[in-house]
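*Asks:* Can you keep this structure in mind? I'll have questions shortly.
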Amino acid sequence: MALFAGVGAWSASDSWRSHAGCVTVTFPSSTGGALVHECGARAQVLCRHAFRHDDRLSLLTRPQCRQAGLS
(Lines give C-alpha, C1' and ligand atoms only; values in the text may rest on other atoms or scores of the structure.)
Protein backbone atom coordinates (compact mmCIF):
# COMPACT_ATOMS: atom_id res chain seq x y z
CA MET A 1 0.00 0.00 0.00
CA ALA A 2 2.86 2.39 0.81
CA LEU A 3 4.30 1.72 -2.63
CA PHE A 4 1.08 2.89 -4.32
CA ALA A 5 0.98 6.01 -2.14
CA GLY A 6 4.59 6.81 -3.05
CA VAL A 7 3.97 6.34 -6.76
CA GLY A 8 0.83 8.46 -6.53
CA ALA A 9 2.69 11.30 -4.81
CA TRP A 10 5.54 11.11 -7.32
CA SER A 11 3.21 11.14 -10.32
CA ALA A 12 1.25 14.07 -8.90
CA SER A 13 4.38 16.21 -8.59
CA ASP A 14 5.75 18.25 -11.48
CA SER A 15 9.30 16.92 -11.11
CA TRP A 16 8.77 14.14 -13.69
CA ARG A 17 7.25 16.32 -16.39
CA SER A 18 9.09 17.88 -19.31
CA HIS A 19 10.14 21.46 -18.60
CA ALA A 20 12.70 24.13 -19.50
CA GLY A 21 15.24 22.15 -21.47
CA CYS A 22 14.49 18.73 -19.95
CA VAL A 23 12.44 16.01 -21.61
CA THR A 24 10.75 13.10 -19.82
CA VAL A 25 8.96 10.40 -21.79
CA THR A 26 7.22 7.30 -20.43
CA PHE A 27 6.59 4.54 -22.95
CA PRO A 28 5.55 0.88 -22.98
CA SER A 29 8.36 -1.67 -23.06
CA SER A 30 8.86 -5.40 -22.65
CA THR A 31 9.12 -4.92 -18.88
CA GLY A 32 5.88 -2.97 -18.66
CA GLY A 33 7.11 0.58 -18.98
CA ALA A 34 10.24 2.65 -19.33
CA LEU A 35 11.24 6.22 -18.64
CA VAL A 36 13.55 8.42 -20.70
CA HIS A 37 14.74 11.62 -19.04
CA GLU A 38 17.30 13.93 -20.65
CA CYS A 39 18.33 17.54 -20.10
CA GLY A 40 20.46 20.07 -21.97
CA ALA A 41 22.38 18.89 -25.01
CA ARG A 42 21.20 15.29 -24.64
CA ALA A 43 17.57 16.47 -24.66
CA GLN A 44 18.24 18.48 -27.82
CA VAL A 45 19.68 15.40 -29.55
CA LEU A 46 16.69 13.31 -28.41
CA CYS A 47 14.26 15.90 -29.78
CA ARG A 48 16.09 16.26 -33.10
CA HIS A 49 15.89 12.48 -33.48
CA ALA A 50 12.18 12.49 -32.56
CA PHE A 51 11.30 14.99 -35.27
CA ARG A 52 13.31 13.16 -37.95
CA HIS A 53 11.83 9.70 -37.36
CA ASP A 54 8.35 8.17 -37.17
CA ASP A 55 8.88 5.26 -34.77
CA ARG A 56 6.66 4.92 -31.69
CA LEU A 57 9.18 6.44 -29.26
CA SER A 58 9.71 9.43 -31.55
CA LEU A 59 5.97 10.04 -31.79
CA LEU A 60 5.66 9.91 -27.98
CA THR A 61 8.67 12.18 -27.54
CA ARG A 62 7.54 15.05 -29.79
CA PRO A 63 4.87 16.50 -27.47
CA GLN A 64 7.33 16.41 -24.58
CA CYS A 65 9.91 18.25 -26.67
CA ARG A 66 7.34 20.92 -27.45
CA GLN A 67 6.44 21.21 -23.77
CA ALA A 68 10.12 21.62 -22.89
CA GLY A 69 10.56 24.29 -25.58
CA LEU A 70 12.85 22.13 -27.71
CA SER A 71 10.84 21.78 -30.92
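The values are calculated or read from the model by the stated rules, or taken from the named source; none is laboratory data. Note that the structure is a prediction, hence the values are computed from the model and not measured. Counting neighbours? That spans all protein chains shown, and the Cβs are built from the backbone with ideal geometry, glycine included. Each accessible area value is taken on the protein alone, full model and side chains, heavy atoms only, with ligands, DNA and RNA left out. Shrake-Rupley method; radii C 1.70, N 1.55, O 1.52, S 1.80 Å.
*Asks:* Could you run the Karplus curve 6.51 cos²θ - 1.76 cosθ + 1.60 with θ = phi - 60° over region 47-58 and give me ³J(HN,Hα) per residue in whole Hz, x for Gly and Pro?
*Replies:* Taking θ as phi minus 60°, the curve returns 5, 4, 4, 4, 8, 9, 10, 10, 6, 4, 4, 4 Hz for region 47-58.
*Asks:* May I pose another question? For F27, put the label point 7 Å out on the Cα→Cβ axis and report which residues of region 35-71 keep their amide N under 13 Å from it.
*Replies:* Flagged as within label range: 35-38, 46-65.
*Asks:* Given the whole protein assembly as supplied and a 1.4 Å probe, what does the accessible area of T31 come to in Å², nearest 10?
*Replies:* Surface open to solvent at T31 totals about 120 Å².
*Asks:* To continue, here is another question. Could you work out how much longer the chain between L59 and R42 gets when fully extended? Use 0.36 nm per residue separation minus the Cα distance between them, nm to one decimal.
*Replies:* 4.4 nm
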